[in-house]
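Each remark here refers to the structure printed beneath this line.
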Amino acid sequence: MQAAEFSGGGIIRADGGNAGSQGNGGGGRIALVATNSAGFGNLGLQARGGTADTYGGAGTIYLKDTNAVFGRLIVANNGKAATTDDLSTGNRTTRLPAAQTYIFDSITVTNAGWLEIIPNAVLDLSAGCTLNGDTNSYLVMSGGQLNLGAGFTVTNFNIAQRGTNTITINGTLTLGTNAVLTHYANRVAAMYHWLSMTVTNDLVVEPGGKIMADGLGYGPNQGIGSWTRGGGAHGGQGGNTVWVENNGGRTTWGSITNPATMGGGFGSAMATDPGAACSGFS
C-alpha cells in the first residue's frame, strides 16, 4: 500500500490460518510506503504464523517513509519458542527469496521469528543497517552470503547454520552479549547440519558471546561413536550408564585439526547427545 501518510490506531494484519495438527499457515506480507510523512502513527502491524498445535513461520512487514533510504524489514512471529531441531522446525522460517540482494535500513527479528538466507540470496548489512532481535529469534543461514562491512556486532540474538554448505560472511563479525552462533541439530543417521563458515575479516567472540555445538550430533544409536546404553562419543568417549560398567561410548574419532564429523548418538533415552562440529572457519 502507498499513501501520503498512514495514521490511526487500528490494525493491519496478515496472519497465517490455523489448521490444528494438519499444519498451520505461515504469515503473509505487508508493505507500506508513506510518500509524505515520517512514521506510521500508532498502527498495529502483524504478520504472524498460525499457532494451533504446530506453528507457522512469520510473514514480512516492510515499511518505508520519508526518512528511509531502503526501508525497514520486520519479522515478528507469535512468540512460540522453537528449537534448531531439524525434525520440528525445518519448514518454519521466513526465507529471503533466492537470486536477489537485500538491503534495508534496519531489520527486526523478534518473538520467535526465524529469518533465513537461502542459497543464491545475499543479505547486505554493510550500508549501516541495524539488526535488532531477541534471544528467542534467529538469523538462519542455509547458503547465500551475508555482507557486514568493516565491523558488525550482534547482541541478544542467534545465528544458526542449516545444512552443510560453506557460508560466506564478508566483513568482521563480533558476537557480543547474549549472541550465539550455532547450527541445527542432527537427529538421524546422516549429517545434515554443521557449522562451516568463511569470515573474510575477523571473528570476535566477546564476553557473553558464544559459539556452540552442544549436543547437536547424531540421533540415538547413529554414527560411528554411538554405543548401546552409553553416552555418544566424539572428541571424548561417552560415559557409562549408571547400572552397567564399561559400556561407555565407542573410541574417540574424527580429526583434531579439521573436524568434519558429528558425534555418535546416545544408546538410550537416559544418555546424552555428543558435541557436534564447528568446522571450516577460515
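The values are calculated or read from the model by the stated rules, or taken from the named source; none is laboratory data. Treat the numbers as computed from the prediction; the structure is a model and nothing was measured. So basically every Cβ, Gly included, is an ideal-geometry build from the backbone, and we count neighbours across all protein chains shown.
Annotations
- For the stretch 179-204, the candidate set comprises residues that are surrounded by fewer than 16 Cβ atoms within 10 Å (Cβ to Cβ), of a type outside the set (Gly, Ala, Ser) and part of a loop (DSSP other than H, G, I, E, B); within that set, the residue that is modelled with the lowest pLDDT is Val188.
- Screening Asp124, Asp214 for residues that are of a type in the set (D, E, K, R) and crowded, with 17+ Cβ neighbours inside 10 Å leaves exactly one candidate, Asp124.
- Residue check, Ala68 part of a loop (DSSP other than H, G, I, E, B), modelled with pLDDT of 95 or more and of a type in the set (Gly, Ala, Ser): yes
- Long-range neighbours under 7 Å by Cβ, at least six apart or interchain, first residue of a type in the set (Lys, Arg) within the stretch 52-79, second crowded, with 22+ Cβ neighbours inside 10 Å and in a strand (DSSP E or B): Arg72/Leu63
- Scanning the stretch 109-126 for residues that are touching a strand residue (DSSP E or B) at 6+ places or on another chain (Cβ under 6 Å) and more than 21 Å from Thr51 (Cα to Cα) turns up Ile117, Ile118, Ala121, Val122, Leu123, Asp124, Leu125, Ser126.
- Scanning the stretch 33-65 for residues being surrounded by 14 or more Cβ atoms within 10 Å (Cβ to Cβ) and assigned to a strand (DSSP E or B) gives a total of 9.
- The test for being modelled with pLDDT under 75, part of a loop (DSSP other than H, G, I, E, B), exposed (fewer than 15 other Cβ atoms within 10 Å of the Cβ) and touching a Gly at 6+ places or on another chain (Cβ under 7 Å) holds for Thr228.
- Number of positions in the stretch 98-122 that are within 16 Å of Arg162 (Cα to Cα) and either of a type outside the set (Val, Ile, Thr) or in contact with an Asp or Glu (Cβ under 9 Å, 6 or more places away or on another chain) (or both): 8
Residues checked against (1) touching a residue at least 40 places away in the same chain (Cβ under 8 Å); (2) assigned to a strand (DSSP E or B); (3) of a type in the set (A, V, I, L, M, F, W, C); (4) within 21 Å of Phe70 (Cβ to Cβ):
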residue: Asn120; (1), (2), (3), (4): no, no, no, yes
residue: Phe152; (1), (2), (3), (4): no, yes, yes, yes
residue: Gly163; (1), (2), (3), (4): no, no, no, no
residue: Thr174; (1), (2), (3), (4): no, yes, no, no
